[in-house]
Amino acid sequence: MEISSAFSSGRLTVYLKGELDHHASRLLIHDLDELLDEYLPRDCALNLSGLSFMDSSGIAVIIRLSRRMKALGGRVWIENPAKQPYRVIDASGIDRIVPVAISR
């Protein structure tokens with residue numbers, strides 16, 4: 001999995017590309033913690049448009065990110081999930097906790 005990010009005006013956008021499975025989620029949690037500690041963003045968008053696969057460990061990453069952002073006094077949302085990750089998000093009901101923004 002590839003991770004890239006952009007920060008501007010208090011907003012951190014994290015772009016994920018590839019597959020988010022159990023192994024990748026452990027690395028992603030570490031990388032997200034570093035990004036949050038570095039930027040202390042007010043808003044965080046998790047862009048999943050390049051993610052071809054996500055399992056339930058991806059849901060755990062999203063929940064953890066949501067809790068970290070709330071602790072920082074900020075907010076998080078998911079942007080443009082690809083088809084398969086969106087099915088996992090929808091089936092889990094996580095979109096009731098973390099908003100999903102789709103702009104296609």
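Annotations
- Portion, in percent, of the accessible area of the range 38-104 that falls on carbon or sulfur, probe 1.4 Å: 51 percent
- Angle between the chain longest axis and helix 83-92 axis [Cα atoms, degrees, rounded to 10]: 80 degrees
- In this rough spin-label picture, where each label sits 7 Å from Cα along the Cβ direction, the residue 11-residue 39 distance is 1.1 nm.
- Förster radius 25 Å - calculated FRET efficiency between residue 30 and residue 56 (Cβ-Cβ, nearest 0.05): 0.85
- Restricting the range 1-90 to trypsin sites (Lys or Arg not before Pro) that sit in a DSSP loop and have at most 15 other Cβ atoms within 10 Å of their own Cβ leaves 42.
- Each Lys or Arg adds one and each Asp or Glu subtracts one; over the other residues with Cβ under 13 Å from the Cβ of residue 60, this totals +2.
- Within the range 1-99, percent of DSSP bridges classed antiparallel, to nearest 5: 35 percent
- Around residue 70: net Lys/Arg minus Asp/Glu count, Cβ-Cβ under 14 Å: +4
- Taking every alpha-carbon pair under 8 Å whose residues sit at least 6 apart, the chain reaches a relative contact order of 27 percent.
- Between the range 27-71 and the range 1-19, the C-alpha centres lie 9 angstrom from each other.
- Average accessible surface for the chain: 56 Å² per residue, computed with a 1.4 Å probe over protein heavy atoms with every protein chain in place.
- Taking Cα atoms only, the orientation of helix 22-39 departs from the longest principal axis of the chain by about 20 degrees.
The values are calculated or read from the model by the stated rules, or taken from the named source; none is laboratory data. The structure presented is a predicted model; accordingly, all values stated were derived computationally and were not measured. Reconstructed Cβ throughout: ideal geometry from the backbone, glycine too, with neighbour counts over all protein chains shown. Calculation scope for accessible area: heavy atoms of the full protein, side chains included, ligands and nucleic acids excluded. Shrake-Rupley method; radii C 1.70, N 1.55, O 1.52, S 1.80 Å.
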